[in-house]
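Structure first, then comments.
The values are calculated or read from the model by the stated rules, or taken from the named source; none is laboratory data. Because the structure is predicted, anything quoted here is derived from the model rather than measured. Here the Cβ is made from the backbone with ideal geometry for all residues, glycine too, and neighbour counts use every protein chain on show.
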């Protein structure tokens, strides 16, 4: 196995997906469904039919196998192939049917059907995966496994049972991996938006957050100049490499505080802080509690 697939695997292992809500959009040929912005990232997957998604960034064609990751707080319209004669509001035309939220814009004849998932996604438990996206991310795959995954989601959500949320979230992660596999050489891929070189850097930080990661060492790992690396990293993750390293260290510390009885000083050292006081200040700035109070609060919630 080459280094690049290994790095991608490390990156994907660190990705956590949580589906917050799921629904179906059914749209007629001459209808548009106007969608107000969500406070979460939304993934749309075309199950059948053709049409368009429109937002301030442009007009994007939709067909079976197309997946669209819509950034937070981006209003949009989902439309049939047209000509459009009527626009409906998603909030007004929303029903609950068979346990699924259903959005409709049609006169009864439906041409475009999309599965829609509102999700939160992180890398390493605390680093947002898609929050930095400003434009919709479009991917297309002919893999029949995708339709099967979404069909399984529908069936599970129609008949919720023990573990449904965890099951559906695991399925969504599989969806993203299948999309990645379908575009192995596409640097704008849905998960590795800045290519495998940055994914490898992220994987290294998450694997050993305690290491002395500097901008120079991370740039060398990515095979880029310091300035080019800093520019691309900040663009991809909406924070500087230094801030990313600190967030990874604190996220790792939070997991250890929740899951072990190790002394705070030992946890601080294990994630790369030489000073407990420095660690405690950084931790409180991030989580709003000092490490000891965070541990007590976490134990009370369990």
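Brief remarks on what is shown
- Positions within the range 101-121 being assigned to a loop (DSSP other than H, G, I, E, B) and at pLDDT 85 or above, in sequence order: 106, 107, 109, 110, 111
- All positions within the range 122-145 that are modelled with pLDDT of 80 or more and either within 28 Å of residue 58 (Cβ to Cβ) or touching a strand residue (DSSP E or B) at 6+ places or on another chain (Cβ under 9 Å) (or both): 136, 138
- Answer residue from the range 255-272, given it is modelled with pLDDT under 90 and in a helix (DSSP H, G or I) and is nearest to the chain's Cα centre (by Cα) among those: 255
- In the range 48-62, residue farthest from residue 24 (Cα to Cα) [restricted to those that are within 22 Å of the chain's Cα centre (by Cα) and in contact (Cβ under 8 Å) with a residue 24 or more places away in the chain]: 57
For every residue, the table says whether it meets (1) over 25 Å from residue 199 (Cα atoms); (2) in a helix (DSSP H, G or I); (3) assigned by TED's automatic domain parsing to the domain that holds residue 55.
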| residue | (1), (2), (3) |
| --- | --- |
| 139 | no, no, yes |
| 150 | yes, yes, yes |
| 156 | yes, yes, yes |
| 161 | yes, no, yes |
| 167 | yes, yes, yes |
| 170 | no, yes, yes |
| 178 | no, yes, yes |
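- Residue match in the range 103-115 (condition: under 18 Å from residue 138 (Cα atoms) and surrounded by fewer than 20 Cβ atoms within 10 Å (Cβ to Cβ)): yes
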